[in-house]
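Everything below concerns the one structure shown next.
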Amino acid sequence: MKAIIIGAGIGGMCTAIALRRCGIESDVFEAVKEMKPVGAAISVWPNGVKCLNYLGMKEELRAIGGPMDFMAYKDFRSADTLTQFSLDPLVQHSGERPYPVVRAELQAMLLDNFGRERVQFGKRVSRVNQNSDGVTAFFDDGSEAHGDLLIACDGTHSVVRQSVLGYCTERRYAGYVNWNGLVEIDPSLAPANQWTTFVGEGKRVSLMPVAGNRFYFFFDVPLPKGLPEDRSSLRDDLTRYFAGWASPVQQLIARLDPETTNRVEIHDIEPFSPLVKGRVALLGDAAHSTTPDIGQGGCAAMEDAVVLAMTLQSNSLGIEDALLRYQNKRAGRVKDLVLKARKRCDVTHAKDAATTAEWYAGLKQENGERIIGGMCETIQGGPLA
Ligand code: FAD
């Protein structure tokens, strides 16, 4: 059996590694000539960590993961602590630590594990065609590739999605802009082993430790889509949006490098099905595009890859049947994740001011139990729980 994998992001590389693990050969085609991950870092939660462990990258992940032992919310103006607690109960409950990681380092880890030389770069798929014998991918350089099945891991703007669904999906603007980047750790910004988030005015500023003495930081601001803002105005924009915020936030704005800070208008896609058609399956953001509000998009792609490989490995009724079983196992899970993230997004970003005010007030009563309980519930839905 030979699989064609379209896209060499988190989803594509985890799929290639997972299929190899169960003896299925795959050819990976990636549109860009050189991988430059959009976004500075991501948090890999225990459900994702378990998938990477299963795929044989336990030690490598530990080496690039940040020491995130505590979590805290702080008032935006005074920097008073609203709540602070250990993440140890999460680790005890789920059996793994969460690892914030620099995206480029995660991507390099995945590529090295599979074999960078085995990925065909500069190959942009324009369409796919299937019949009872197999699948053909057509590339915009005029070449084509054939396989027994095709896994479309071509991200949120997937070109393969429409051929599976039979219609075109619309991306939905979630109502806020996210800026993210990396800075050197300094205790005057936040403790080095804590995920610290300043909240107020429907905005947030967050710092998470990654390896190499760096914080992954992000700023969220509810804003209209399509503002004429870029790197040249970045520091001024953040200074304006966060006027009156506490000293660590001002220091962060002063220290960040606009050249390496990303500005992203956050979108998701209404959950859809089917996720497969015949010998073609969607995986990762191609199958479910979520806002990053519960940090689960990449983790869900890792889960998809593990489940797909497991269903193909135990396949006795043919490829199409195995893909249907993959779809049945994943559709409910990924729909839940997208909708849960959307709900969190609305509360965090003051879609309804009263609900958000209630959330801020609730943080002062929080001892970690409720927040960790919510995280555990999300993590437990994964395939290796
Ligand atoms: P992508 O990473 O988009 O990869 C798709 C690949 O396919 C790309 O390399 C692209 O070049 C290639 N491609 C596209 N079109 C074609 C084509 N036609 N032919 C060939 N190749 C093609 N997730 C988490 O788990 N935790 C987090 O903390 C987290 N934080 C996030 C923060 C932000 C601000 C954002 C925006 C997202 C965050 N996510 C997080 C989500 C996560 O980044 C995505 O879910 C994940 O990257 C999806 O991986 P993917 O491989 O499906 O898609």
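A few remarks follow.
- Hull-based mean projected area of the range 260-302, where the convex hull spans the alpha carbons, in square nanometres: 4.2 nm²
- Positive contributions from Lys and Arg (+1) and negative ones from Asp and Glu (-1), summed over other residues with Cβ under 15 Å from the Cβ of Arg116, come out at -2.
- The chain: most fluctuating residue of Ser273, Ser233, Ser126 per GNM, C-alpha cutoff 10 Å: Ser233
- Considered as an equivalent ellipsoid built on the Cα gyration tensor, the range 325-381 has semi-axes of 27, 16, 5 Å, the largest given first.
- Of the chymotrypsin sites (Phe, Trp or Tyr not before Pro) found in the range 130-173, the ones in coil according to DSSP and having at most 12 other Cβ atoms within 10 Å of their Cβ are Tyr167.
- Additional length obtainable on full extension of the chain from Trp359 to Asp230, 0.36 nm per residue less Cα span: 43.3 nm
- The trypsin sites (Lys or Arg not before Pro) of the range 115-165 include none that meets both conditions, a loop assignment by DSSP and at most 10 other Cβ atoms within 10 Å of the site Cβ.
- Mean ellipticity per residue at 222 nm, deg cm²/dmol - from DSSP H runs of n ≥ 4 across the chain, formula -39500 (n - 2.57): -11000 deg cm²/dmol
- Considering only Leu339, Leu317, Leu111, the mean-square fluctuation computed in a Gaussian network model of the chain, springs between alpha carbons under 10 angstrom, is largest for Leu317.
- Of Lys74/Lys203; Lys36/Lys225; Lys58/Lys335; Lys203/Lys351; Lys203/Lys225; Lys74/Lys335, pairs whose Cα-Cα distance is over 21 Å: Lys36/Lys225; Lys58/Lys335; Lys74/Lys335
- Net charge dipole size for the range 92-206 [Lys, Arg +1 and Asp, Glu -1 on Cβ; Debye, nearest 20]: 360 debye
- Kirkwood Rh in Å, taken over the range 103-177 so that all alpha-carbon pairs contribute: 14.8 Å
- Cα-based values for the chain, radius of gyration first and Dmax second, are 20.9, 65 Å.
- Relative contact order computed over the range 1-157 (Cα-Cα under 8 Å; 6+ residues apart), in percent: 35 percent
- Rg/Rg_ref, the range 87-217, where Rg_ref = 2.2 N^0.38 Å and atoms are Cα: 1.50
- Put simply, the amide H of Ser289, placed in the peptide plane, has neighbours under 5 Å in Ile269, leaving out anything fewer than 5 places away on its chain.
- Estimated vicinal HN-Hα couplings, Hz - the range 93-98 in sequence order (Karplus 6.51, -1.76, 1.60; Gly, Pro = x): 6, 8, x, 8, 7, x
- Under 14 Å, Cβ to Cβ, from Asn53 - net charge with Lys/Arg +1 and Asp/Glu -1: +1
- Across all C-alpha atoms in the range 154-239, the radius of gyration and Dmax reach 17.3, 53 Å.
- Net charge, Leu149 excluded, C-beta distance under 10 Å - Lys, Arg +1, Asp, Glu -1: 0
- Fraction of beta bridges assigned by DSSP in the range 1-158 that are antiparallel (%, nearest 5): 65 percent
- When the Cα atoms of the range 1-131 are aligned to their principal axes, the ranges along those axes come out at 60, 32, 28 Å in descending order.
- The loop-placed trypsin sites (Lys or Arg not before Pro) in the range 167-209, going by DSSP, that have at most 15 neighbouring Cβ atoms within 10 Å of their Cβ come out as Arg171.
- Stretch in the chain that is longest and holds no GluC sites (Glu not before Pro) that DSSP places in a loop and that have at most 12 other beta carbons within 10 Å: 171-385
- Of the DSSP H helices in the chain, those whose Cα atoms cover at least 20 Å axially and whose Kyte score averages 0.5 or more: 297-313
- Taking other C-beta atoms within 10 Å as the exposure proxy, Thr15, Thr83, Thr348 rank Thr83, Thr348, Thr15 from fewest upward.
- Qualifying aspartates and glutamates (Cα of each under 20 Å from Cα of Lys329; at least 8 residues distant if same chain): Glu270, Asp285, Glu303, Asp304, Glu320, Asp321, Glu377
- Hull volume per residue, based on the alpha-carbon atoms of the range 285-335 and their convex hull, is 62 Å³.
Read-outs: derived from the displayed coordinates by stated rules, not from any lab. All figures in this text were calculated on a predicted structure; none of them were measured in a lab. All Cβ positions, glycine included, derive from the backbone under ideal geometry; neighbour counts span all protein chains shown.
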